[in-house]
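For reference, the structure discussed in these notes is given below.
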Amino acid sequence: MSTVRRQIVRIDESRCTGCGLCVSPCAEGAIEIVDGKARVVREELCDGAGFCLGVCPTGALSIEVREAVPFDHEAAEPIVAAKQAEYIPQVCFRCGRDEDAAPLLPVRHQGKSEWVCTRCLPALIHG
């Protein structure tokens, strides 16, 4: 299969604790825990969006631009559909709104990985 230059998730194995928090935000199922570490197991399922980055407690995940197989929308569709069937919306740690009510962003706050809604974000930033 040919490759293209694109964004893809990179996992620093030395920093990964294998906690698995990055697996759920990956709607396409590209990340799994293998031998106690997070791994991009199928590059064609990684869209490079980086929703997994904000939840990593050790900062082991980053986005890199490199040669990789193209993202495969058709292969990702059934995985995304299966995950949506059992999906539990995330909630803002400050106000409790879920992502169906307001856009949420992953943040690190007081050493924890959290979700915050766009209404609460300014207060979090500016106090």
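So that you can scan it fast, the table gives a plain yes or no per residue for (1) closer than 30 Å to Ala123 by Cα; (2) among the small types (Gly, Ala, Ser):
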residue: Lys37; (1), (2): no, no
residue: Cys56; (1), (2): yes, no
residue: Gln90; (1), (2): yes, no
residue: Ala102; (1), (2): yes, yes
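Yes/no matrix, rows are residues, columns are (1) in a strand (DSSP E or B); (2) in contact with an Asp or Glu (Cβ under 7 Å, 6 or more places away or on another chain); (3) over 16 Å from Phe51 (Cα atoms); (4) assigned by TED's automatic domain parsing to the domain that holds Cys46:
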{"site": "Ala75", "(1), (2), (3), (4)": "no, yes, yes, yes"}
{"site": "Val80", "(1), (2), (3), (4)": "no, yes, no, yes"}
{"site": "Lys83", "(1), (2), (3), (4)": "no, no, no, yes"}
{"site": "Cys95", "(1), (2), (3), (4)": "no, no, yes, no"}
{"site": "Val107", "(1), (2), (3), (4)": "yes, yes, no, no"}
{"site": "Ser113", "(1), (2), (3), (4)": "yes, no, no, no"}
{"site": "Val116", "(1), (2), (3), (4)": "yes, no, no, no"}
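Picking from residues in the range 35-48 that are free of Cβ contacts under 8 Å to residues at least 40 places away in the same chain and small (Gly, Ala, Ser), the one that is farthest from Ser113 (Cα to Cα) is Gly36. Identify, from the list Pro89, Pro70, Pro57, the residue that is under 18 Å from Leu21 (Cα atoms), in contact (Cβ under 8 Å) with a residue 24 or more places away in the chain and either part of a loop (DSSP other than H, G, I, E, B) or not assigned by TED's automatic domain parsing to the domain that holds Ala30 (or both). Being under 18 Å from Leu21 (Cα atoms), in contact (Cβ under 8 Å) with a residue 24 or more places away in the chain and either part of a loop (DSSP other than H, G, I, E, B) or not assigned by TED's automatic domain parsing to the domain that holds Ala30 (or both) holds for just one of Pro89, Pro70, Pro57, which is Pro57.
A search for C-beta distances below 8 Å between a residue of the range 16-34 that is touching a residue at least 60 places away in the same chain (Cβ under 8 Å) and any residue that is outside any loop (DSSP other than H, G, I, E, B) and among the hydrophobic types (A, V, I, L, M, F, W, C), counting only pairs 6+ apart in sequence or on different chains, returns Leu21/Val55; Pro25/Val55.
The values are calculated or read from the model by the stated rules, or taken from the named source; none is laboratory data. Not measured: the values here are computed from a predicted model. Don't worry about glycine lacking a Cβ; one is built from the backbone with ideal geometry, like all the others, and counts go over all protein chains shown.
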